[in-house]
Amino acid sequence: MQPHHRASPLLTLPGAVAAEAPDEGVAAHYGDLFREQRALADGQGFVDLSHRGVVTVTGDDRLSWLHLLLTQHVSELPPGHATEALVLSANGHIEHALYLVDDGTTTWAHVEPGTEGALIAYLESMKFFYRVEVADATDACAVVHLPAGSIAGTPPGAAVRETPHGRDVFLPREELESFAGAHGPAAGVLALEALRVEAHRPRLGRETDHRTIPHELGWLDSAVHLQKGCYRGQETVARVHNLGKPPRRLVFLHLDGSEVKLPAHGAPVRLAADGPDGRQIGFVTTSARHHELGPIALALVKRNVPVDAALLAEGTAAAQEAVVRP
């Protein structure tokens, strides 16, 4: 993934602290992480996601064509209906995650920062005789997130993805500052990440590595249509689903709150019974400080790890909740 170092104008807001990879270019927080989380949980404020890539597809064949390439059933996607979809390798490994909505003439997708170039190159290579145009709209368009329950209005003409977790609004980039002025207070990406971890929702590049398949993360529920054939990697999806044995599974961790430092992305997970020098049985994917739950994390562990086993995440005691059943 190529990092996108397009700095948001909202980094000049009072208290803004810049986020680190993979979220460079926007604010991690604006001085009060827990207050920002509580505001989002209460349906207030917004999150600047203007560092995310934006890809558009237009043309009469756009939905039937995307249907052939993505894991999701989109050939009859109604205007305004949000969905998410994956692009898989021939072996079924996750390469891209798209958060989609169609407005009746254009399919809009936001993707992980810096992944839009590789995604567009793949889509361009698959156009053949289809009547479609693929464009990188990242320079023209900024994504902002309004939390679930927000009563904030959205600008006329803006594409909106409404999900149970909130609304993603595709704004003209030059309207970002005026939107912030009208829809404050701003919350940073760390607040949104804490709520994502709490909701057990995977993210490309955090919960995934080069060999992740959708079954390991619970992505079959939201991003894969199991009755649909004809996309790259589909044989692996069907085989593992029918056998029911993905090699790893996503778990949610309650971390010991007495530790000052959160375990890093990629930090080893071990069985507590084996001690801090025991063999590694997984790794931390995302950790966060939650305004109610305290320190929490998602981790990917081997399928055969007992669901009730106490774990150590980079030496920190952790109780697990199964996200994906073994």
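Numbers below:
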| read-out | value |
| --- | --- |
| Share of Cα-Cα pairs in the stretch 1-144 lying beyond 18 Å, as whole percent | 60 percent |
| Cα-based Rg and Dmax for the stretch 229-326, where Dmax is the largest Cα-Cα distance (Å) | 15.0, 50 |
| Three-way shape call for the stretch 44-129 based on the alpha-carbon gyration tensor, with the a/c threshold at 1.5 | oblate |
| Cα-derived Rg to Rh of the stretch 136-258, Kirkwood definition | 1.04 |
| Length-normalised contact order for the chain - Cα pairs under 8 Å, 6+ apart - percent | 19 percent |
| Unit charges at the beta carbon, dipole of the chain: most positive-side option, Ala180, Val269, Val305 | Val305 |
| Computed lengthening from Gln227 to Glu321, 0.36 nm per intervening residue step minus Cα-Cα distance | 30.9 nm |
| Centroid-to-centroid separation of the stretch 204-222 and the stretch 185-202 [C-alpha atoms, Å] | 18 Å |
| Cleavage-rule hits, GluC sites (Glu not before Pro), the stretch 162-266, DSSP coil, Cβ neighbours within 10 Å at most 16 | Glu259 |
| Other-chain or far-sequence residues with amide H under 5 Å of Leu88's (modelled H) | Glu95 |
| Kirkwood estimate for the chain, i.e. one over the average of 1/r between Cα atoms, Å | 20.5 Å |
| Neighbour cut-off at most 11 other Cβ (10 Å), DSSP loop, chymotrypsin sites (Phe, Trp or Tyr not before Pro), the stretch 124-200 | Phe128, Phe129 |
| Virtual paramagnetic centre 7 Å along Cα→Cβ of Asp308, amide N under 16 Å, in the stretch 264-278 | 272-273 |
| Distant alpha-carbon pairs in the stretch 89-167 (separation over 23 angstrom), percent | 31 percent |
| Within the chain, helix-based [θ] at 222 nm, where runs of 4 or more DSSP H residues each add -39,500 (n - 2.57), nearest 500 | -5000 deg cm²/dmol |
| Share of pairwise Cα separations in the stretch 50-97, more than 18 Å, in percent | 35 percent |
| Anchor Lys302: lysines whose Cα lies under 16 Å away (excluding residues fewer than 8 positions away in-chain) | Lys245 |
| Packing-based order for 117-124, 289-296, 45-52, 138-145, using average beta carbon neighbours within 10 Å, highest first | 45-52, 138-145, 289-296, 117-124 |
| Surface share of carbon and sulfur [accessible, 1.4 angstrom probe, percent] for the stretch 243-324 | 53 percent |
| Loop-located trypsin sites (Lys or Arg not before Pro) in the stretch 90-190 whose Cβ has at most 15 other Cβ within 10 Å (DSSP) | Lys127, Arg131 |
| Unit charges on C-beta of K, R, D, E only; dipole of the chain, Debye | 980 debye |
| Protein accessible area in the stretch 81-174, 1.4 Å probe - carbon and sulfur % | 56 percent |
| The chain, accessible area per residue, ligands and nucleic acids excluded (1.4 Å, Å²) | 43 Å² |
| Kirkwood Rh (inverse of mean 1/r, distinct Cα pairs), the stretch 243-283, angstrom | 12.2 Å |
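The values are calculated or read from the model by the stated rules, or taken from the named source; none is laboratory data. Fair warning: this is a prediction, and the values are worked out from it, not measured in the lab. Because the Cβ atoms are built from the backbone with ideal geometry, glycine has one as well, and the counts that use them run over all protein chains shown. These accessible areas exclude ligands, DNA and RNA; they are computed on the full protein's heavy atoms, side chains included. Shrake-Rupley method; radii C 1.70, N 1.55, O 1.52, S 1.80 Å.
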